[in-house]
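One structure is given here, and the rest of the page talks about it.
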Amino acid sequence: MTASDTPDAASPTGQLAAQITSLEQLVLRANLPGNLDGLLAHHILGDHRVNFAWNVNPMTPEWLQDNEDRLAHSSGLAVLGYGLAGFPSTASHTGRRHLTGGLPALMRKDPFQVDGVTFVNDPGQVVGIALAVNAAHEDVPQARTWLADILHDQRLRPPTALLGMFHQHARHIIAAAAAFRPDPRQLDDPVDLAGLHWLVTADRNVELTDPHELHGLRSRLLSGVILGQTEPSSASRAALLLAAATHIVTASVDDLILSRSHVGVLLGRFEDAMRHWRYDNDTLDHPIRWPITEEREVQNILWLILRPVFDDLVDEETLRKLGHSTYRADFGIPSLGLLVEVKYARKAADFKTFEKEIIQDYVGYLTDNEPYRKLAVFIYDESASVQEHGTTRNALLKMPDITDVIIASRPSHVPAPDRTARRRNKSR
């Protein structure tokens, strides 16, 4: 990077870069083996890239031996939960043994003590204990029900909004999450906004009271980070701000660069790309042939085309049930709110059938199935019935939420499958 490429420190970009560096430094202070706050920060950041190497792993024989006296307490059990979930190793057996012995003792204690000194009032502990309960489920199966009861108990009244968000995340970890509909307009602290952003992006049971509030939440949050409107007092609070800022900036760039139209452009290049699809003739000593005989093989090709560009591509996205019917689209791209339906035409008559099937599925795909609002259609035409393409494309594009209909014919160097021989074999 040249001097001219370096962001001006006084510009919003420069201020954001400085704040991100400051947040990383705060996380770095807790980046020590078995540090509970550092482990929660590591859990929050997940796959987010940071400019340092993580050093919080407690799953080493040395750490477990040196800290054996800690492992009978709730904080130590939480550390084991993070370790077993994030750093499985040869020491995991020792960690599970300590959990098996320590969790029953914790379960006998009152989690709602008058003085408030309890694991449910500590974000690092409550998330770690949830991870521990999952890790020890085979040996202490009753622990999950025990924790779920605590997290749904009416006596659980978190003194801060942020602690309530960590409680919701702990419910999510043990698959006991209830509907959670917070209102970001009631939050002012950027850390609270970052916690809510983290929940919304990680837990499908969390929905804002108004979905349009997500844009406002991100704007307020990013402004708060840039202007340094909060001084995070812990690595985990810094991690929430760091995760939110990097996610928002990345999402903003993707919004500028990638759109639903890019899916249509990529799929529209299918035929040109098939020029290099291998189907060698018999003149080679060892011919390589990649036959395309069914819809699943076309889906495999489309995955290779789309996945390098859209990192949130979902294969066989299962959607909400509508009436008595369950729907599953071939692909989903949540960041674009787009589903992709794939069809394989073996004969000209299939196009009329596809029109009816897609129009019928269209309602099930896009009814109450957030974040999906649009549908793209890709049809591989083995029969090369080009006379049918325009009719089907025009019919489907009349549906207001179908963005593209791409129809690609079988390349001439790839022969049509010999279905006659296959049917003859089946009849024997």
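So how far apart, in nm, are the two label points at D115 and V386 if each is 7 Å from Cα heading toward Cβ?
Result for the modelled spin labels: 8.3 nm.
Where both partners of a DSSP beta bridge lie in the chain, what percent of those bridges are antiparallel, to the nearest 5?
Roughly 35 percent of the DSSP beta bridges within the chain come out antiparallel.
How large is ³J(HN,Hα), in whole Hz, for each residue of segment 82-90 in order, when computed from phi with the Karplus curve 6.51 cos²θ - 1.76 cosθ + 1.60 and θ = phi - 60°, using x for Gly and Pro?
Karplus values, whole Hz, x for Gly and Pro: 4, x, 5, 7, x, 9, x, 7, 5.
Taking θ as phi - 60°, what are the ³J(HN,Hα) couplings along segment 356-361 by the Karplus curve (6.51, -1.76, 1.60), each to the nearest whole Hz, with x for Gly and Pro?
Here the 3J(HN,Hα) series is 5, 5, 5, 5, 5, 5 Hz.
How much area per residue is accessible in the chain when the probe is 1.4 Å and only protein heavy atoms are counted (Å²)?
52 Å²
Tell me the accessible surface of W303 in square angstrom (1.4 angstrom probe, heavy atoms of protein chains only), to the nearest ten.
80 Å²
Skipping prolines and chain starts, which residues have an amide H placed within reach, meaning under 5 Å, of the one on A329, given they are 5 or more residues away or on another chain?
Answer set, sorted by chain and number: E317, L319.
Between I407 and residues 5 or more places away or on another chain, which pairs have amide H atoms under 5 Å apart, with H built 1.01 Å from N, and which residues are they?
I379
What FRET efficiency would be calculated for the residue pair S233, R328, taking the C-beta separation as r and a Förster radius of 41 Å, to the nearest 0.05?
Once the sixth-power term is evaluated, E becomes 0.35.
Given labels modelled 7 Å from the Cα in the Cβ direction, how far is it in nm from H73 to T21?
Distance between the two pseudo-spin positions: 3.7 nm.
Once neighbouring chains are kept in place and the probe is 1.4 Å, which whole percent of the accessible area of the chain is contributed by carbon and sulfur?
Carbon-and-sulfur percentage of accessible area, whole number: 50.
List the residues, sorted by chain then number, that are 5 or more residues from V50 or on another chain and whose placed amide H is less than 5 Å from its amide H.
none
Using only Cα atoms, find the angle between the long axis of helix 190-202 and the longest principal axis of the chain, and express it within 0 to 90 degrees, rounded to the nearest 10.
The answer is roughly 40 degrees.
Only one of the listed values, [x] 41; [y] 18; [z] 26, was derived from the coordinates as percent of Cα pairs over 38 Å apart; which label is it?
Matching entry in [x] 41; [y] 18; [z] 26: [x].
On a 0 to 90 degree scale, rounded to 10, what angle separates helix 12-29 from the longest Cα axis of the chain?
With rounding to tens, the tilt is 60 degrees.
Go through segment 228-243 residue by residue and turn each phi into a ³J(HN,Hα) via Karplus (6.51, -1.76, 1.60, θ = phi - 60°); whole Hz please, and just put x for glycine and proline.
Each residue of segment 228-243 in turn: x, 7, 9, 10, x, 9, 8, 5, 5, 5, 5, 5, 4, 5, 5, 4 Hz.
Helix-derived [θ] at 222 nm for the chain: sum -39500 (n - 2.57) over DSSP H runs of at least 4, divide by residue count, nearest 500?
-15500 deg cm²/dmol
The values are calculated or read from the model by the stated rules, or taken from the named source; none is laboratory data. Bear in mind that the values here come from a model prediction, so they are computed numbers and not experimental data. Positions of Cβ are generated from backbone atoms using ideal geometry, with glycine treated the same way; all protein chains shown enter the neighbour counts. Calculation scope for accessible area: heavy atoms of the full protein, side chains included, ligands and nucleic acids excluded. Shrake-Rupley method; radii C 1.70, N 1.55, O 1.52, S 1.80 Å.
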